[in-house]
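Read through the structure below, which is laid out as C-alpha cells, and then see the notes.
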2 protein chains.
Amino acid sequence: MSTLQKQPDLPEPAYPEVDSMLSRRFGKEVANYFAGSPLNRLGFLRADNTFLSRAVKHPSTSFLLCNELQPLVEPNTPAGQGKLHFVKYEDVKPVIGEDPWAHPEEDQIKAYNSEKYIPQMIFLGLDEKVTTGGLEYEGKNLYKGAPYFAVDVTPRESVGSACESLLAAQKEKGYEISKGRMMDLDPSHAAIYAAARQLLDWNARNPYCAGCGHKTMSVNAGFKRTCPSKDVANNASERPPCVTRKGVTNLSFPRTDPTVIMAILNHAGTHILLGRQGRWPPHWYSTLAGFAEPAESIEEAVRRETYEESGVLVGRVVVHSTQPWPYPANLMIGAIGQAVPQGEKINLGNDPELEDAQWFSLDQVREALSNGVSGLDEPAGSKYKEGGLRLPPGTAIANQLMTAVVNGVFTGANSKI
Amino acid sequence: MSTLQKQPDLPEPAYPEVDSMLSRRFGKEVANYFAGSPLNRLGFLRADNTFLSRAVKHPSTSFLLCNELQPLVEPNTPAGQGKLHFVKYEDVKPVIGEDPWAHPEEDQIKAYNSEKYIPQMIFLGLDEKVTTGGLEYEGKNLYKGAPYFAVDVTPRESVGSACESLLAAQKEKGYEISKGRMMDLDPSHAAIYAAARQLLDWNARNPYCAGCGHKTMSVNAGFKRTCPSKDVANNASERPPCVTRKGVTNLSFPRTDPTVIMAILNHAGTHILLGRQGRWPPHWYSTLAGFAEPAESIEEAVRRETYEESGVLVGRVVVHSTQPWPYPANLMIGAIGQAVPQGEKINLGNDPELEDAQWFSLDQVREALSNGVSGLDEPAGSKYKEGGLRLPPGTAIANQLMTAVVNGVFTGANSKI
C-alpha cells in the first residue's frame, strides 16, 4: 500500500487550506448534531491564569450566558438556523468581577472559601478563523483567535441582582433565555452550547467530593473540581485527608457517560430492528439504545442492550459515528450490527423498557426517512400519511444510522461489516 | 441490497449454534483483551432479591475473591493462560453472611446504617454454557446457567478476621492473591476480572454522594449507589433533601470514562504517528491516546488529542474496535485516522505530555510488531535487535490498531477510510 485508496464511489476529498485546527469534517464522516465545534479548546491553557485573564478581558471575546442551563438566544430564527447570542466583557463584568483569573490557581485554592459564591465560568476555546482583531497569546506556541466563555448567570446568592440586571438588559435588546431542548440551533452553535451546558451542569451537579463528602471548588476554567485541604469558611483549619488529593483521580474530572445506539439488520440485510417506548407518539419508532456498562466493549454493549430490550442476538458490530448529547452528559456511540441467523426472534420479556419492537423493511424505513421524520414533540410533516412509520429527525444519530443503512453504506460491496 | 455482502477477501463467517447469548466474536471484529466476557450480565435481574438470593446459594455458583482489588488466582500458569480461582458459597459464607439478599432492596434501603460495614458484592452474570447443574430461574423468561459473583474480601472492619481465615485457607490450597496488573490471564477470565475490578473500585471510590455530601449505599447487586433518606446510625432521622433522590441521575450509576487511542497515518498512508513518554524504556513507542472531553464526538477527540500531543492535524477518523480498561474505569475507543496534507509537521510544544513523537514507516512498524513487542515492564523478546522500535503487546489495543493498519485493513481496496 503506497497511498490511502479512497472508496471508488466517492470523489477524492478536497483538502482546502486549513482554516481552523480542528473543526472541519472529512470525507464520508458524519458530523452529528452537537458535534463539529468551531472552537479549539486549548485544554493545556486551562490552568494558565495569565492566558485566561487576558482572554476574559479581550474585545474579541464572546460570553455565552446560561440561566438554569438554558442559553441566551436570538429570537425568531428559522428551525436549524437558531443562534446563540453572545455578550461582551463589559456586559458580564458586574457578574464575574473585574478579573476572575487575577491570581494563579494555586493561590485561589489556598484562599478557598466554601461560603463564597462564585458564578461558574467555562473556557470553551478559541475561534481560530478570526484572524483579525483576535487575541494573540504567546505560550510555547503562538495561539490566535477569538475566545469563548460560558457563564452561569442564574440569579442566585451574591450575584442575584447583577444577573437579573444583565438578563433584563438583554431582554430589552430582544434577546431571550431559551426554553426546552436546544435542537434547532445552527450546527456550530449547537456544538458550542453542548460544551457549555455539559460543563456547567457537571459543576452544578457535583458540589461535594464523592471521596470524602466535603465541598469542592471549580478549577481549570471549569474542567476540574478539586477538594481543597483548607476552607477559609472554617477558620482555614485542615480538612480530613482525601484520596482525591493524591495523584490523578477521575473523581476530579468531568464525567461523560458512553451510550450505545444501534441500527440492527436482520441476517439477510433486508430489515432493520426498531423499537418504541409507550410514551412516544403513535407509529413513532427509533433505533435501540442504552448505556454502556463498566468493563464491556462497545461491541458487547450493543449486543447486550439489543438482547435485553428486544431478545435479538447480534453478531458483527461496526461503529458508524458518534454524537455528544449534553442531557446531561452522554456520548452516543452509533453502531450498525447484524443479527445472527438463529437470533432474529423478538422477545420483549427481559427488560420491560420498550412497548414494542419490530423488524421494518429497508423500503419502509427509506419511505419514513423521506416523509415521516420529526422531533418527538413535533407534529409529523405535511408529507406524512397517517398510520405510516414515524422516525426521528436528522439531528438524531438514530436517523443518521438508518440513513447509512438504507443507502448501503457499511453493507454494500465496500462493506464495513 | 438484498443480502449483506461480505468482504471478498474474507471467508463467509460460520455461525455455529448459539451456545451463549452474548459472548461470541464475529467476522473481522477484534475482541480486545478485557472484552469478550463469557457471562450474560442479566442487568434487569439486579434488583430482584429473590433471584440474587437463589443465585448466591446455588451449588453451581462461583465467587471471585478480591483483596484490595487484586484477585485470587491459580499459581504458576503460563503467560496468557492465567486463571482466576473461584470459590464456593460455603467458603465465602463467613464473610458475606447466610443470605445477603434475604430482603427486598427497598427494605435494605430503609434499614440503612452508615456505620455497618457490608463487604461489597457484585453480580457478574450467568455462564449460559453451563447447561447441566446450573441455576434455573423463571422470571419473565427462563434464565439458565452458572452464576458468578465478585466479593471484596479485603480484611477490614467487622469481617476482618473472616476474610483473613478465608484467604489463609485458599493459600493453604495453593491459591494466591495476585500482584500487579492482570495482563496474563486467559481472555475470558480477563473479561470477568475487568468487570469485578471496575465495579468494586467504583463502589470503594464513591462512599459519599457528590450531590449532598452524605454517605451512600450500594444497591442493584453493586451496579448502583443510592443516597438513603434516613440513616439508622443517626437515629433514623430524616437527612436533608438530595437531588439524587428525584428521578434518574448519573451520580447513582457507575462511571466509565471514554478515552481515544489512535493510529494516525500520514496523508500518503506510508507512515504511522507514534509517541513516547519519558518514563518508558528506550525505543518503546505507542499510539497517541487521551480522554474524550465533555461534548465532543470521538472523531473530534481523536483530532484534538493528536493536535495537543503532537501538533499533527487529522482529517478522516474511523473507529476500529474498543477495549474496556479497568484501571480504574476507562473505555478505550480505538480509531484509525489520516493526517491532512498540510498538517503532518510534528510540534510537541502544546501539551508537554510526550517526550517524543515520530512518523514510522509501515515496514518499521511491521518489523517491530513481529520482533519488538512486550509489556512496558517486560524485557524485549529474544528476536528484538537492540536499537529497533519496541511496541506494546497484543493485549493492548494500540497493537491491534497498528496491526490493522499494516495489514491494510481500513486502508486497502475495501477501505473504511
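Tabulated values for the structure
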{"quantity": "Scan of the stretch B:287-320 for residues that are under 20 Å from the mean Cα position of the chain (by Cα) and either charged (D, E, K, R) or outside any loop (DSSP other than H, G, I, E, B) (or both), ordered by number", "calculated": "B:Leu288, B:Ala289, B:Gly290, B:Phe291, B:Glu293, B:Ile298, B:Val319, B:His320"}
{"quantity": "Hits in the stretch B:381-392 - residues which are touching a residue at least 60 places away in the same chain (Cβ under 8 Å) and of a type outside the set (Lys, Arg)", "calculated": "B:Gly387, B:Gly388, B:Leu389, B:Leu391, B:Pro392"}
{"quantity": "Members of the stretch A:220-248 found to be crowded, with 17+ Cβ neighbours inside 10 Å, within 11 Å of chain B (Cβ to nearest Cβ) and in a loop (DSSP other than H, G, I, E, B), listed by number", "calculated": "A:Phe223, A:Cys227, A:Cys242"}
{"quantity": "Unmet criterion (only one of (1) surrounded by fewer than 24 Cβ atoms within 10 Å (Cβ to Cβ); (2) at pLDDT 95 or above; (3) facing another protein chain (nearest Cβ under 9 Å)) for A:Ile298", "calculated": "(1)"}
{"quantity": "Answer residue from the stretch B:31-75, given it is among the basic types (Lys, Arg) and touching a residue at least 60 places away in the same chain (Cβ under 8 Å) and is nearest to B:Ile109 (Cα to Cα) among those", "calculated": "B:Arg46"}
{"quantity": "Scope the stretch A:281-318; condition under 18 Å from A:Gln364 (Cβ atoms), hydrophobic (A, V, I, L, M, F, W, C) and out of contact with any Asp or Glu (no Cβ under 8 Å at 6 or more places or on another chain); matching residues", "calculated": "A:Trp284"}
{"quantity": "Count of residues meeting criterion [crowded, with 16+ Cβ neighbours inside 10 Å and farther than 10 Å from B:Val95 by Cα] in the stretch B:155-172", "calculated": "2"}
{"quantity": "Residue selected from the stretch A:318-332 under the condition facing chain B (nearest Cβ under 7 Å) and among the β-branched types (Val, Ile, Thr), by the criterion nearest to A:Ala396 (Cα to Cα)", "calculated": "A:Thr322"}
{"quantity": "Any hit, the stretch A:390-398, residues being of a type in the set (S, T, N, Q), farther than 19 Å from A:Gly334 by Cα, part of a loop (DSSP other than H, G, I, E, B) and in the same structural domain as A:Leu288 (by the TED database)", "calculated": "no"}
{"quantity": "Residue list for the stretch A:347-360, filter: more than 7 Å from chain B (Cβ to nearest Cβ) and touching a residue at least 40 places away in the same chain (Cβ under 8 Å)", "calculated": "A:Glu353, A:Leu354, A:Glu355, A:Asp356, A:Ala357, A:Gln358, A:Trp359, A:Phe360"}
{"quantity": "Test result for A:Lys140, surrounded by fewer than 24 Cβ atoms within 10 Å (Cβ to Cβ) and in contact (Cβ under 8 Å) with a residue 12 or more places away in the chain", "calculated": "no"}
{"quantity": "Filter result for A:Gly222 (of a type in the set (Gly, Ala, Ser) and more than 30 Å from A:Pro147 (Cα to Cα))", "calculated": "no"}
{"quantity": "Flag for B:Asp363 being in a helix (DSSP H, G or I), free of Cβ contacts under 8 Å to residues at least 40 places away in the same chain and either out of contact with any Phe, Trp or Tyr (no Cβ under 7 Å at 6 or more places or on another chain) or aliphatic (A, V, I, L, M) (or both)", "calculated": "yes"}
{"quantity": "Every residue from the stretch A:268-286 that is surrounded by 19 or more Cβ atoms within 10 Å (Cβ to Cβ) and either facing chain B (nearest Cβ under 9 Å) or outside any strand (DSSP E or B) (or both)", "calculated": "A:Gly269, A:Tyr285"}
{"quantity": "Selected residue [among the small types (Gly, Ala, Ser) and closer than 20 Å to B:Thr403 by Cα] from B:Ala292, B:Ala329, B:Ala268", "calculated": "B:Ala268"}
{"quantity": "Residues satisfying the stated conditions in the stretch B:200-219, i.e. in contact with a helix residue (DSSP H, G or I) (Cβ under 8 Å, 6 or more places away or on another chain) and at the interface with chain A (Cβ under 7 Å from one of its Cβ atoms)", "calculated": "B:Arg205, B:Asn206, B:Cys209, B:Ala210, B:Gly211, B:Cys212"}
{"quantity": "Criterion violated by B:Pro324 - all others in (1) in a helix (DSSP H, G or I); (2) crowded, with 20+ Cβ neighbours inside 10 Å satisfied", "calculated": "(1)"}
{"quantity": "Some residue of the stretch A:250-262 being among the basic types (Lys, Arg), crowded, with 17+ Cβ neighbours inside 10 Å and part of a strand (DSSP E or B)", "calculated": "no"}
{"quantity": "Single residue of B:Gln120, B:Gln108 found to be over 25 Å from B:Leu167 (Cα atoms) and modelled with pLDDT of 95 or more", "calculated": "B:Gln108"}
{"quantity": "Number of positions in the stretch B:391-406 that are more than 15 Å from B:Asp184 (Cβ to Cβ) and of a type in the set (Ser, Thr, Tyr)", "calculated": "1"}
{"quantity": "A:Gly125 of a type in the set (Gly, Ala, Ser), surrounded by 14 or more Cβ atoms within 10 Å (Cβ to Cβ) and either in the same structural domain as A:Phe51 (by the TED database) or touching a Phe, Trp or Tyr at 6+ places or on another chain (Cβ under 6 Å) (or both)", "calculated": "yes"}
{"quantity": "Options B:Tyr193, B:Tyr208; residue that is aromatic (Phe, Trp, Tyr) and without any contact (Cβ under 8 Å) to a residue 40 or more places away in the chain", "calculated": "B:Tyr208"}
{"quantity": "From A:Ala162, A:Ala169, A:Ala194, residue being within 14 Å of chain B (Cβ to nearest Cβ) and among the aliphatic types (A, V, I, L, M)", "calculated": "A:Ala194"}
{"quantity": "A:Leu135 more than 23 Å from A:Asn203 (Cα to Cα), modelled with pLDDT of 95 or more and out of contact with any Gly (no Cβ under 6 Å at 6 or more places or on another chain)", "calculated": "yes"}
{"quantity": "Selection from the stretch A:155-181 of residues that are basic (Lys, Arg) and under 25 Å from A:Thr77 (Cβ atoms)", "calculated": "A:Lys171, A:Lys173, A:Lys179, A:Arg181"}
{"quantity": "Answer from B:Gln342, B:Gln358 - the residue that is part of a helix (DSSP H, G or I) and surrounded by fewer than 19 Cβ atoms within 10 Å (Cβ to Cβ)", "calculated": "B:Gln342"}
{"quantity": "Criterion (at pLDDT below 95 and touching a Ser or Thr at 6+ places or on another chain (Cβ under 7 Å)) met by exactly one of B:Lys129, B:Lys140, B:Lys224, B:Lys179", "calculated": "B:Lys129"}
{"quantity": "Meets criteria (more than 30 Å from B:Ala190 (Cα to Cα) and touching a Gly at 6+ places or on another chain (Cβ under 8 Å)) for A:Ile346", "calculated": "yes"}
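The values are calculated or read from the model by the stated rules, or taken from the named source; none is laboratory data. Just so you know, these numbers come straight off a predicted model, no measurement behind them. Quick reminder, even Gly has a Cβ in these numbers, built from the backbone with ideal geometry, and neighbours come from all protein chains shown.
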